[in-house]
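Working notes, structure below.
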Amino acid sequence: MAQKGARPYDRIGEQVFAKVDKINAELFTLTYGSIVTQLVKDYEDLGEVNTQLEKMGYNIGVRLIEEFLARSNVGRCADFTETAEVVAKVGFKMFLGITANVTDWDAEKKEFSLVLDDNPLTEFVELPESYNKLWYANILCGVIRGALEMVQMKVEATYVKCVLHGHDVSEIRVLLKEILTDEIPASMRDE
Amino acid sequence: MSVPYTFTIVGKNDNPLYEAEFASGVKAKEQAHHLSQFVIHSSIDLVEEAVWKSTAMNLKGVDRFGKSYISSFVTAGHIKFMLLHEKKEEDAIKGFFQDVYELYVKIAINPFYQLNTPITSVAFDSRVKKLGAKYF
């Protein structure tokens, strides 16, 4: 039972994907792989590596959103459900070449799951046994958080399932914490 | 009839990275296993010489030991696949080496795998054994 507005996003996603520059997938996968292994060597604690990946993703996300809005010409989203569709169908398609599925909305429509069938970041990767705590593609959670923060939505994105951990799909849970209203910067607040 | 094939992957420092045995009949005895290992390692010198004489990766037969033959396939990174076998089945061995090479490349591309270290992946192990059953 897809919403009436949902169909066009698939098409928009594909149109935008056709227009953007592409990079060799293996180069991308290997580069990300060496980033993760280097972080693991540097930080040693896997929880810390997850945090760093998320921070890196955040920095990417705050910049990525400009490119996204410029290229895709998607207008304002009416509500959070539409935001979710745009992220999954247009955003992921444009930058990773895959579409994600939006599932499992909670009752208040403030939380949803992004389900990824395959992910170019994790091609050919096999996690060693002791790496159970590592969310390999955690950078994506940061990207989602950073991008949505720039459009006034404060969200929390966390991995709940990952194919590298043996699950059949990867799943990111996105929770809307608050809609940010424009705040006067501290320097201008007095007077 | 038990015709055990012993397949070994040897790294750049003559260190063993992976071993497997395929027997189309009875399982090989412990002693024979050590002997096959010894035989394979003794032929590594010949492989090193043969590598520079040919541009192909598949060196086919490089050595003999009694009734057994030793075939070898050396990857671009000088990782040597060695096979100890009784029959001269060049085509089956060529196909086998090619398929194992593809599996090896996938392992090598894994960012968490350090090159020249033992291959511990269970998935790799089971796939190589399936290939062994398929070709031999």
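The values are calculated or read from the model by the stated rules, or taken from the named source; none is laboratory data. This one's a predicted model, so the numbers in the text were calculated from it and none came from an experiment. Cβ atoms come from the backbone with ideal geometry, glycine included; neighbour counts cover every protein chain shown. Surface accessibility is based on the protein's heavy atoms, side chains included, excluding ligands, DNA and RNA. Shrake-Rupley method; radii C 1.70, N 1.55, O 1.52, S 1.80 Å.
Of the residues that make up segment A:73-85, is at least one open to solvent by 60 Å² or more (accessible area, probe 1.4 Å) and on the phi > 0 side of the Ramachandran plot? Yes, because at least one residue in segment A:73-85 is open to solvent by 60 Å² or more (accessible area, probe 1.4 Å) and on the phi > 0 side of the Ramachandran plot. Restricting attention to helices (runs of 4 or more DSSP H) lying wholly within segment A:81-191, give those where 2 or more residues are out of contact with any Ser or Thr (no Cβ under 8 Å at 6 or more places or on another chain), closer than 22 Å to A:Asn59 by Cβ and in contact (Cβ under 8 Å) with a residue 24 or more places away in the chain. Counting at least 2 such residues, we get A:92-96, A:139-150.
For segment B:91-103, which positions are open to solvent by less than 30 Å² (accessible area, probe 1.4 Å) and touching a strand residue (DSSP E or B) at 6+ places or on another chain (Cβ under 7 Å)?
Answer for segment B:91-103, where residues must be open to solvent by less than 30 Å² (accessible area, probe 1.4 Å) and touching a strand residue (DSSP E or B) at 6+ places or on another chain (Cβ under 7 Å): B:Ile93, B:Phe97, B:Val100.
Apart from one condition, B:Glu86 fits all of (1) in contact with a Lys or Arg (Cβ under 7 Å, 6 or more places away or on another chain); (2) within 14 Å of chain A (Cβ to nearest Cβ); the exception is (2). Cβ-Cβ distances below 7 Å connect the following pairs, each with a first residue in segment A:58-73 that is of a type in the set (Lys, Arg), a second residue that is surrounded by 13 or more Cβ atoms within 10 Å (Cβ to Cβ) and outside any loop (DSSP other than H, G, I, E, B), and a separation of six or more residues or different chains: A:Arg71/A:Val16; A:Arg71/A:Met94. For segment A:11-38, the candidate set comprises residues that are surrounded by 16 or more Cβ atoms within 10 Å (Cβ to Cβ) and farther than 16 Å from A:Thr122 by Cα; within that set, the residue that is farthest from the other protein chains (Cβ to nearest Cβ) is A:Ile12. Can you say whether A:Thr122 is modelled with pLDDT of 90 or more and within 14 Å of chain B (Cβ to nearest Cβ), as far as the supplied structure shows? For A:Thr122, the condition - modelled with pLDDT of 90 or more and within 14 Å of chain B (Cβ to nearest Cβ) - is met. Considering the conditions (1) of a type in the set (S, T, N, Q); (2) within 14 Å of chain A (Cβ to nearest Cβ); (3) open to solvent by less than 60 Å² (accessible area, probe 1.4 Å), B:Gln114 is excluded by exactly one of them, (3).
Residues of segment A:124-151 that are polar (S, T, N, Q) and either open to solvent by less than 20 Å² (accessible area, probe 1.4 Å) or touching an Asp or Glu at 6+ places or on another chain (Cβ under 8 Å) (or both): A:Asn138 alone.
Going through segment B:117-136 one residue at a time, which ones are more than 10 Å from chain A (Cβ to nearest Cβ), of a type in the set (Val, Ile, Thr) and out of contact with any helix residue (DSSP H, G or I) (no Cβ under 7 Å at 6 or more places or on another chain)?
Within segment B:117-136, B:Thr117 is the sole residue that qualifies.
I'm trying to understand the selection: among the residues of segment A:99-117, which are in contact with a helix residue (DSSP H, G or I) (Cβ under 8 Å, 6 or more places away or on another chain) and open to solvent by 20 Å² or more (accessible area, probe 1.4 Å)? Those that are in contact with a helix residue (DSSP H, G or I) (Cβ under 8 Å, 6 or more places away or on another chain) and open to solvent by 20 Å² or more (accessible area, probe 1.4 Å): A:Thr99, A:Asn101, A:Val102, A:Trp105, A:Lys109, A:Lys110.
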